[in-house]
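S.K.: Take this structure, written in structure tokens, and hold onto it; I'll ask about it next.
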Amino acid sequence: MRTGSAAKLAFLLIPLVLLGACEQQSTSNQSNSARIAYAANVHDKEFDNYIIHINALTTDQLPTEVARGYKISRSKNRVLLNVSVREKQANGETPVTAAVVVIAKNLSSQQKNVKLREIKDTDPVAIYYIGELPVSNEETITFELDVTPAGASKPLLLSYTQQFFTQ
């Protein structure tokens with residue numbers, strides 16, 4: 001009796017799970033269509049008066065002193081995402097603060113939490129946003145970013161994809 005009930009329950013749940021996955025995929029595709037994707041190995045892009053720099057690397061590549069100074073765990077299974085925003089001006093570029101929101105997803109659409117924190121350096125002057133997340137060997141992560149520079153009325157929608165090798 002229980003086996004029959006379990007089979008009926010599984011039979012009813014499978015279509016719901018598949019339908020949910022389809023809905024999740026279509027929502028994701030809609031948001032991706034409006035995003036400007038960075039090409040492989042491209043880390044800077046210009047948007048009107050702004051240059052957005054994005055980089056991601058496993059934290060074991062950071063020098064020990066740098067990791068310690070910024071309280072970053074060094075590991076080949078952790079990734080550091082680094083985002084900076086610079087404004088183009090007549091005499092060059094100036095770092096600017098921004099609201100940066102990121103959603104990280106792997107190829108299975110599993111979402112990974114990335115909490116960014118703002119770092120301000122004074123010599124030389126720099127403002128950037130860093131966050132960490134775990135990764136597996138050969139995992140490909142797509143970072144969907146909403147970047148709103150200070151004073152801007154709407155966010156710049158970006159997408160950055162990178163594969164990580166941890167072994």
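S.K.: Would you mind putting 138-146, 39-47 in packing order, based on average other-beta-carbon counts within 10 Å, highest first?
M.R.: 138-146, 39-47
S.K.: Could you sort out which of LYS71/LYS112; LYS76/LYS154; LYS45/LYS71 sit more than 26 Å apart by Cα distance in this structure?
M.R.: Pairs exceeding 26 Å: LYS76/LYS154; LYS45/LYS71.
S.K.: Next question, about the same structure. What does the charge count around ASP146 come to, taking other residues whose C-beta lies under 11 Å from its C-beta (Lys +1, Arg +1, Asp -1, Glu -1)?
M.R.: +1
S.K.: In whole Å, what is the distance between the alpha-carbon centres of segment 39-91 and segment 132-167?
M.R.: If we compute the Cα centre of each part, the gap is 10 Å.
S.K.: In square nanometres, what is one fourth of the surface area of the convex hull spanned by the alpha carbons of segment 37-164?
M.R.: 8.2 nm²
Each value in this text was obtained by applying a stated rule to the coordinates, not by laboratory testing. Keep in mind it's a predicted model, so treat the numbers as computed, not measured. Every residue, glycine as well, gets a Cβ built from its backbone with ideal geometry; the counts of neighbours run over all protein chains shown.
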